[in-house]
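The values are calculated or read from the model by the stated rules, or taken from the named source; none is laboratory data. Note that the structure is predicted; figures quoted are calculated from it, not measured. Here Cβ is always computed from backbone atoms with ideal geometry, including for glycine, and neighbour counts include all displayed protein chains.
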Amino acid sequence: MQKQNNVPTPIAIPTSTSIFGPASKDLEFNGTTVDSLSSGLAIKNFRAEATFSAPYDASPGQWDIGFYFRNKNRATLIIIIASDKSWDLRAYDPQSGQSFAEPIQSGSVTKLNLLKGEKNILSLSAFENTGCLYVNGNFVAQLDLPLNYSGDVSAMSGYWSTSQSPGNTTRVEDFSVYSIDTLKCP
């Protein structure tokens, strides 16, 4: 803040620039394929945010939400948050539709809303080889990103076939992507 005549004057602080969204969609489960909402961008350094509604109670069913990113019709990165409160960062081959065997990183999420209709806000930032993951405003992990190229960013649900209950949908709202020029995880 600058002072002029003893009155504080706000200083504009540069923020990231929105380049997509907000967009919303009902992501449908058909039991075999993942439904997603694509930004249609080719971007490497970004922050993506979306609000996902739980499609049904986590017990006894399971569901998942997340983002595909750096998707360029070759190895793609995907962050998956599952209703068992686990998360995985994986590489995915869109040609074969298969994940590579082992996750690149994984862990647990403590603040995940699990009941039907409850909302979860995911935020993923990627800058060069580093990423930051937040769930519901809580820092989850710093990510080591092995794929360092531009590609699409998509909100998705139902990655694991065991997480799809055909006929149900996951509502994604306010999916937005922002361009960033720096990143610092807590």
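For this structure, a couple of remarks:
- Leu122 being free of Cβ contacts under 8 Å to residues at least 60 places away in the same chain, within 23 Å of Ala42 (Cα to Cα) and not in a loop (DSSP other than H, G, I, E, B): no
- Of residues in the stretch 135-177 being surrounded by fewer than 19 Cβ atoms within 10 Å (Cβ to Cβ) and of a type in the set (Phe, Trp, Tyr), the one modelled with the lowest pLDDT: Trp160
- Every residue from the stretch 24-58 that is part of a strand (DSSP E or B), small (Gly, Ala, Ser) and more than 23 Å from Lys116 (Cβ to Cβ): Ser38, Ala48
- In the set (1) in contact (Cβ under 8 Å) with a residue 24 or more places away in the chain; (2) within 20 Å of Ser59 (Cα to Cα), the condition left unmet by Gln105 is number (2).
- Qualifying positions in the stretch 19-58 - of a type in the set (Lys, Arg) and either closer than 29 Å to Thr182 by Cβ or crowded, with 19+ Cβ neighbours inside 10 Å (or both): Lys44, Arg47
- Per-region count, the stretch 24-62, residues among the small types (Gly, Ala, Ser), under 14 Å from the mean Cα position of the chain (by Cα) and under 27 Å from Asp93 (Cβ atoms): 5
- Test result for Asp84, more than 17 Å from Ser36 (Cα to Cα), assigned to a loop (DSSP other than H, G, I, E, B) and either in contact with a helix residue (DSSP H, G or I) (Cβ under 7 Å, 6 or more places away or on another chain) or at pLDDT below 90 (or both): no
- Some residue of the stretch 93-103 being surrounded by fewer than 18 Cβ atoms within 10 Å (Cβ to Cβ), among the aromatic types (Phe, Trp, Tyr) and assigned to a loop (DSSP other than H, G, I, E, B): yes
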